[in-house]
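Take a look at the structure set out below.
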Amino acid sequence: MDNASIADLWDRLTGTQPDPPWWLVALVGLVALGTVLHGPTWRVARNTVTIAHEGGHALAALLTGRKLDGIKLHSDTSGVTVSRGKPHGPGMVFTAFAGYVAPPLLGLLFAVLLAAGRITLMLWFTLALLAATLVMIRNAYGVLSVVGTGALVFAVSWFGSAEVQAGFAYLAAWFLLLAAARPVVELQRMRARRMAPTSDADQLAHLTGVPGAAWVTMFGAVALAALVAGGALLVPSDLTLPDLPALPGA
C-alpha cells in the first residue's frame, strides 16, 4: 500500500460524513425498538449485547490491574469473563459493575460520534473493539459470534453506500441504547425467582454490603440516562415535518 493509499484511507476514516435523512434515523430507531421487543429476534440480537457486556468486564479488569484469563460466550446469550487478582476491593467492584453499564455507555459513545458526523470512524472503532475482544475469546461459539459480527460491520463499512453505512451505524447505536434496559429487567426477574444467585448484582452485594436490588437500580439508571442523552444526540436537530396541504377555505 503506497503513501497515497494510506492517506486516502486515513482521510476516509477521520473525515466527516453528511447526516442521514431524518426518516432513515427514525426508521432504524423503530427497527431497533422492534428487535428489542420481539422475543425471537431479541434472542438472536442479544448476542451483541452480551459481547459488549463481557467486553466491559474485560476492559474494567485490565484497567484495574487484574489479569484477564479470557472470555466465553454461549449460545444461550450468556457469557463469562474470567480474571485473576484480589477477590475483593475496588478493582473487583469496578470489574463486576462494568458489565451491565457497558452496552448503554457504548451506545452513548456511538451517538456522540454519529452526532459529530463520524460514521466511518464509528464503524471502524467497532471493528477495533471486536478485534480486541476476539483475542480474549476462549470458546468456539464466542469466536463465531465475534467474527460474524465483525464480518457484518466490515462488509457494511467497506462495501456499503453512504446511506447503508449511515443506516447501519444509527441502527447499532439505537439498538445498544434501547436494548440496555432489557437485560436489567431480566436480571431482576431472575433474582426475584432466586435463579441468579451469582449474578453481577449479587456479587456486588457480597463485595460491598449494598443490597443487590440497589445495584440493579443503578444499572437501570445508567441505561435510562444513556438512552435519554444518546437519543437526544441521534435525533436530527433540524427535524422538520413536511408541510401539510392547506384546507379548503382556510
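The values are calculated or read from the model by the stated rules, or taken from the named source; none is laboratory data. Every value quoted in this text rests on a predicted model; they were computed, and no experiment measured them. Glycine gets a Cβ as well: all are built from the backbone with ideal geometry, and neighbour counts include every protein chain shown. Quick note on the areas: whole protein, heavy atoms, side chains included, nothing else; ligands and nucleic acids left out. Shrake-Rupley method; radii C 1.70, N 1.55, O 1.52, S 1.80 Å.
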Is it the case that ARG138 is more than 27 Å from LEU187 (Cβ to Cβ), open to solvent by 60 Å² or more (accessible area, probe 1.4 Å) and in contact (Cβ under 8 Å) with a residue 40 or more places away in the chain? no
Could you tell me whether the range 108-126 includes any residue that is part of a helix (DSSP H, G or I), within 17 Å of VAL49 (Cβ to Cβ), open to solvent by 30 Å² or more (accessible area, probe 1.4 Å) and at pLDDT 95 or above? yes
Among the residues of the range 200-244, how many are at pLDDT 95 or above and either of a type in the set (D, E, K, R) or open to solvent by less than 90 Å² (accessible area, probe 1.4 Å) (or both)? 31
In this structure, is THR77 open to solvent by less than 50 Å² (accessible area, probe 1.4 Å), at pLDDT below 95 and in contact with a helix residue (DSSP H, G or I) (Cβ under 6 Å, 6 or more places away or on another chain)? yes
Assess whether PHE159 counts as being among the aromatic types (Phe, Trp, Tyr) and crowded, with 16+ Cβ neighbours inside 10 Å. no
Which of (1) within 21 Å of GLY212 (Cα to Cα); (2) touching a Phe, Trp or Tyr at 6+ places or on another chain (Cβ under 7 Å) does GLY91 not meet, given it meets every other one? (2)
Could you check the range 109-128 and list, in sequence order, the residues that are under 20 Å from GLY231 (Cβ atoms) and either in contact with a strand residue (DSSP E or B) (Cβ under 8 Å, 6 or more places away or on another chain) or without any contact (Cβ under 8 Å) to a residue 12 or more places away in the chain (or both)? LEU109
